[in-house]
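Structure, as structure tokens:
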Amino acid sequence: MFLVLRITTRWSAGGYLSHFIFHQSGLLNGLCLQIERLAKGKSMQTAYSFFDLPYVVQKVTSQKGYRLTERELDVLEFVLEMKFSTLEDLHAKFFKVTKLGTVSNSLIWARQRVHKLVKSEMLQILTDVCARPLYVITQKGYLFLRNSRSQKNYCRPLLDVDGRFFDHDQRVAQVRIVLENSGVVKEWISERQLSEIDEYRKCLPTEFRPDAIYVTPEGKRVAFELEIARKTKERYQQKVKRYIHMMTAAPDAERLFEEVHYVCEKEAVWNLIQDHTQLFQPLFRFTMLSEVLGE
């Protein structure tokens, strides 16, 4: 863009002289005006003012901003909330149903779309945790997501995966996919999100925090627990007591959840937990993992 600047100079001997300087302003460098005095060594007063003339416009071409579709943003959000994801799980969640409404059994389309996010450095691939590649969000992807959906509170990204909890965390993601795809759940607040929200963090310290809290289409809030490894009897007892207290002591309007949903991989774990919930059965629900996943 060219700017027109008028310089009006008053000489000591009287009289005025106007000069016009045309200056090009760089798009990235900002406005920088350089004024040359045309009468060196003479006493003068100079006033500067922008001339009220139309701009002479130079067309500036710049690289188009990077844009993602809503589904691609959803993919980033899902990977962030669930710590990581596999291509198969992303396919089941976001690419299972085609635009024509048919069911897709091929990973080709999902692989192409996810590869775009990897190529743009929104996602990265980890190959040292298990036999199959895992996708995690990058710092760039996290910042892009946060700026694109600034109204949401996002947990901070994890740039690696703890192999000790891989099986548990993947199963949680798979249960989420099934429940959301079937319409049982309309909103999922992951354990990592719970740690970022003040009201949950204060009432649910780490040792008592569920794997998620989900919301049903009717608006019911349910604490979700996936149990695939047996813990001590005392550990289950402490957590069940904490949940009972939170669902009975607080007024209805202040309860963080109204029910606890346990999904268990083994029947022995189911029976062990259920022993501590007999007197409060309406507040607890149990399902076998194989039933949820259809295995």
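Restricting the search to the range 243-295, which residues are surrounded by fewer than 18 Cβ atoms within 10 Å (Cβ to Cβ), touching a helix residue (DSSP H, G or I) at 6+ places or on another chain (Cβ under 8 Å) and of a type in the set (Asp, Glu)? Correct list: 258, 259, 295. The residue list 214, 154, 142 contains one member that is touching a strand residue (DSSP E or B) at 6+ places or on another chain (Cβ under 9 Å) and not polar (S, T, N, Q), which is 214. Counting only helices (runs of 4 or more DSSP H) that sit completely within the range 192-295, those holding 1 or more residues that are within 26 Å of the chain's Cα centre (by Cα), farther than 26 Å from residue 167 by Cα and modelled with pLDDT under 95 correspond to 198-203. Scanning the range 241-295 for residues that are touching a His at 6+ places or on another chain (Cβ under 8 Å) and more than 26 Å from residue 201 (Cα to Cα) yields one hit, 287. When residue 225 is tested against (1) in contact with a Leu (Cβ under 9 Å, 6 or more places away or on another chain); (2) in contact (Cβ under 8 Å) with a residue 12 or more places away in the chain, exactly one condition is not met: (1).
Among the residues of the range 100-129, those identified as outside any helix (DSSP H, G or I) and either in contact with a Ser or Thr (Cβ under 8 Å, 6 or more places away or on another chain) or surrounded by 12 or more Cβ atoms within 10 Å (Cβ to Cβ) (or both) are 104, 107, 120, 121, 122, 123, 124, 125, 126, 129. Can we say residue 177 is closer than 22 Å to residue 78 by Cα, assigned to a strand (DSSP E or B) and outside the structural domain of residue 94 (by TED's automatic domain parsing)? Taking the combined requirement at face value, the residue does not satisfy it. Could you check, for the range 143-153, whether at least one of its residues is free of Cβ contacts under 8 Å to residues at least 24 places away in the same chain and aliphatic (A, V, I, L, M)? Yes, some residue in the range 143-153 is free of Cβ contacts under 8 Å to residues at least 24 places away in the same chain and aliphatic (A, V, I, L, M). With the condition kept exactly as written, say whether any residue in the range 148-163 is touching a helix residue (DSSP H, G or I) at 6+ places or on another chain (Cβ under 7 Å) and among the hydroxyl-bearing types (Ser, Thr, Tyr). Checked the range 148-163: at least one residue is touching a helix residue (DSSP H, G or I) at 6+ places or on another chain (Cβ under 7 Å) and among the hydroxyl-bearing types (Ser, Thr, Tyr). Within the range 130-144, the set of residues being among the basic types (Lys, Arg) and surrounded by fewer than 14 Cβ atoms within 10 Å (Cβ to Cβ) comprises 132 only. Could you run through the range 80-97 and say how many residues are in contact (Cβ under 8 Å) with a residue 60 or more places away in the chain and part of a helix (DSSP H, G or I)? Result for the range 80-97: 6.
The values are calculated or read from the model by the stated rules, or taken from the named source; none is laboratory data. Predicted model, so just to flag it, every value in this text is computed and none were measured. Note: ideal-geometry Cβ built from the backbone for every residue, glycine included; neighbour counts use all protein chains shown.
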